[in-house]
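Below is one structure; the comments refer to it alone.
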Amino acid sequence: MRICLIGDTFYSIIGVQKIKVKNIEEFLEDLRNVLQGVSIQALDANIVYGIEHIHEVLKITLEAINRKITFANKAEIDLLLRLSYTNQISMAVKYGGLKNGSPGCFIFFSKDKTKVAKAKSYIENMFLDKDNTIINASTIKRKMISEQIGISSNKLFDDQTFIRYLIERACLIMK
């Protein structure tokens, strides 16, 4: 995916078909050490209902930062909580965190476009099975997300209304 802009913050998203690392926590710590100056969130791609979903929830997180009303001290954690529909970090990591053997989604954001480009390139070179289509909405994802938030996935919403509902739910995660 290309580098996009929300306000004065640049971001990029990369999908990976299957995460294969020895230790997720060490991998993420190493990633953050190598890519300093850029916020990084690595997710289970199954919780993402398309690029619009990420874009809009990231917009909410960035606005919360501007208003100093983020739920967590770090923007990456605030984003994870909002995409996981919970105010509990442990539940968010369990549900939405990057998992070995599952499809992954990396979100990079910074006010420095060069740092986002470096992070994007770094991940693209690290994983050979990049595939942004795994971020796309699907009926399987809709069912999984619906179960997580406790609603019926069947006939309640069309796709566009479902995305709007998810974005509204993300707004409700507050201190």
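Read-outs throughout are calculated quantities, based only on the coordinates presented, and are distinct from any laboratory measurement. Not measured: the values here are computed from a predicted model. A quick note on method: Cβ atoms are made from the backbone with ideal geometry, for glycine too, and the neighbour counts reach across all protein chains shown.
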- Task: Provide, as a two-decimal number, the C-alpha radius of gyration of region 112-175 over 2.2 N^0.38 Å, N being how many residues it has.
- Result: 1.53
- Query: Regarding the chain, what is the average projected area of its C-alpha convex hull, in nm²?
  - Reply: 9.4 nm²
- Item | For Pro103, net neighbour charge (Lys/Arg +1, Asp/Glu -1) across residues whose Cβ lies under 14 Å away | +2
- Query: Under a point spin-label approximation (7 Å from Cα along Cα-to-Cβ), what is the Ile140-Gln160 distance to one decimal in nm?
  - Reply: 2.7 nm
- Query: ³J(HN,Hα) across region 124-129 via Karplus (A = 6.51, B = -1.76, C = 1.60, θ = phi - 60°), whole Hz, x for Gly/Pro?
  - Reply: 4, 7, 7, 10, 7, 9
- When only Cα pairs under 8 Å and 6 or more residues apart are kept, what is the percent relative contact order across the chain? 39 percent
- Find, to one decimal place in angstroms, the Kirkwood hydrodynamic radius of region 74-138, where the mean of 1/r is taken over every pair of different Cα atoms and then inverted. 13.5 Å
- Task: List the residues of region 138-153 whose backbone N lies under 20 Å from a point placed 7 Å from the Cα of Asn87 along the Cα-to-Cβ direction.
- Result: 148-151
- Message: If amide hydrogens are placed 1.01 Å from N in the peptide plane, which non-local residues have theirs closer than 5 Å to the one on Gly97?
- Response: Asp44
- Note on the structure: The long-range amide H neighbours of Ile6, using H built 1.01 Å from N in the peptide plane and a cut-off of under 5 Å, are Tyr11
- Message: Give me a comma-separated list of calculated 3J(HN,Hα) values for region 17-29, in order, Karplus coefficients 6.51, -1.76, 1.60 applied at θ = phi - 60°, integers in Hz, x for any Gly or Pro.
- Response: 4, 8, 7, 9, 10, 5, 9, 4, 4, 5, 4, 5, 4
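Just want the ordering: Cys4, Cys171, Cys105, from fewest to most Cβ atoms lying within 10 Å of their own Cβ. Please list the in-between numbers first.
On the way: Cys4 16, Cys171 13, Cys105 25.
By the 10 Å Cβ count, ascending, the order reads Cys171, Cys4, Cys105.
Set the Förster distance to 45 Å, then compute FRET efficiency between Lys22 and Lys59 from the Cβ-Cβ distance, nearest 0.05.
Numbers: r = 34 Å, r/R0 = 0.76.
The calculated FRET efficiency here is 0.85.
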- Item | Whole-Å distance, taken between Cα centres, linking region 12-81 and region 107-175 | 10 Å
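Report the FRET efficiency, 1/(1 + (r/R0)^6), for Ala117 and Glu52, where r is their Cβ-Cβ distance and R0 is 22 Å, rounded to 0.05.
Details: r = 22 Å, r/R0 = 1.02.
Approximately 0.45, to the nearest 0.05.
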